[in-house]
1. Given points 7 Å out from each Cα along the Cα-Cβ axis, report the residue 93 to residue 390 separation in nanometres with one decimal.
2. Would you kindly state how much longer the chain becomes between residue 347 and residue 362 on full extension, computed as 0.36 nm times their sequence separation minus their alpha carbon distance, in nm to one decimal?
3. If I compute solvent accessible area with a 1.4 Å probe over the protein chains, what percent of it on region 337-392 is carbon and sulfur?
4. By average Cβ neighbour count within 10 Å, what is the ranking of 351-362, 374-385 from highest down?
5. Once label points are set 7 Å from the Cα along Cα→Cβ at both residue 180 and residue 335, what is their separation, rounded to one decimal in nm?
6. Report the Cα-based extents of region 53-125 along its three principal axes, largest first, to the nearest Å.
7. So with the 1.4 Å probe, I'd like the accessible area per residue for region 329-430, rounded to whole Å².
8. From the square roots a ≥ b ≥ c of the eigenvalues of the alpha-carbon gyration tensor of region 331-460, which class results: rounded (a/c under 1.5), prolate (a/b over b/c), or oblate?
Amino acid sequence: MASEEARTQDHPDIRGSATDERRGAAEGSPMRAWSDASGTSGTAAGASHARAWTTRLVVVGIVLSALNLRPAITSLGALLEEVRDGLGMSGSVAGLLTSVPPLCFAVFGVMAPRLARRFGLGAVVCAGMAAITAGLLIRPYAGGTAGFLAASALALMGIAVSNVLMPVIVKRWFPDRVGSMTGLYSMALALGTSLAAAVTVPMTQAMGGGWQAGLAVWAALAAAAVVPWIPFVRDREGARTTRPAAAARAPGREPRAREDAAPAPALRITRSRTAWALAAFFGLQATAAYITMGWMAQIFRDAGVAAGTAGLLLAVTMVMGVPLAFVIPRLATRLPQQGPIVLALGVCGLAGYAGLYLAPAQGAWAWALLLGVSNCAFPLALTMVGMRARTGAGVAQLSAFAQSTGYLISIPGPLLVGVLYQHSGGWGLPLALMAALMVPQMAVGILAGRNRTVEDEAAR
């Protein structure tokens, strides 16, 4: 039976092989540099040290990158009223602003596999973190709504490519620990999301009350995420291998005779019903997430909750993902089908929306907790991306398809909420819309959670 490493060599956009690894080492990969520096190049001990070093670096890069995938959005949600006043935005324009993230994720996310094929995984993620840094620095001072939107798009472009490539990196480097590493990645993402929601308003007040500084400060965290990927920038081939030096191969197992053989054709991913179900599930959970990140603080503020407390409530919603994002992927990988988890999360979401409608201020903490549980559909979706494909090739294609298509589906939601809020003068209609969308989310989630793989369906 072929090893996991051997079975992940067939992706047409992100190829990796033993030949690629040797070529990457010759071009200055961090593994080769470590071995040369230690004087043990070509030995088992040197290879082991190199693998340990690069693996730790990848883990640090994954965590720091995940921390930066949402602060650009939740920091804006916490200060949305101040930004609207400062830039003179209407409710409809603010709704457009909250729809920009999924639009950028859909447009730029589909480009990620092609960019990775040309430049390497590490180089693309490094460039993505640099784009986030630049966008967060520029947007508060760009002047006017158009400049703010353009700079936001730059940051979101960096987030988009990293969104798509993180599951690929996890599958490539940790093929035997997809659930654990997806949980770690999701925990870091949830932590960054909740941290930005909780501390943006207090930091803004501590820095003099200007919303510009409160948004720009998050560029420092993004700059830190650039650093661990720098050693992989020139590692165009080695960074794309399944795992360095066949770390995933079982002891004593011989490599395939022709690991550098021509890759198999790309999957016809659109022929897979599971891929479409997962894309719809991803899109509907993203709709709920971006409505929550963009508007929930405003819902609480309109109900009479203080701005600082509203930001803290949003942070509570986001921080629920820290423990649950580690538990849910591990639980999901142990179940043959993930439908029961989908249903449990959906019920929590419906209860949270009902509470926001009936008593938004009185039960604010309970509704924040319930919606926080519901928002953990995101790490579940990421885990299912890794489970619904057998190979790194399948994961890369499924990740790009599900996320790009899903984010396209999610674009109208936040915008429609803004329009309904402006024209109805309250939150009744927007909350009814959010609750109604939870029903099809549960339905397609059950379909996506069936024990099937896209390789089998796309080959029919």
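1. 5.4 nm
2. 3.3 nm
3. Working: 1350 of 1850 Å².
Taking all protein chains in place, region 337-392 shows 73 percent carbon and sulfur surface.
4. Averaged packing, sorted descending, gives the order 374-385, 351-362.
5. 2.2 nm
6. 49, 25, 14
7. 35 Å²
8. The shape class here is prolate.
The values are calculated or read from the model by the stated rules, or taken from the named source; none is laboratory data. Because the structure is predicted, anything quoted here is derived from the model rather than measured. Note: ideal-geometry Cβ built from the backbone for every residue, glycine included; neighbour counts use all protein chains shown. The accessibility values were calculated without ligands, DNA or RNA, using every heavy atom of the protein model including side chains. Shrake-Rupley method; radii C 1.70, N 1.55, O 1.52, S 1.80 Å.
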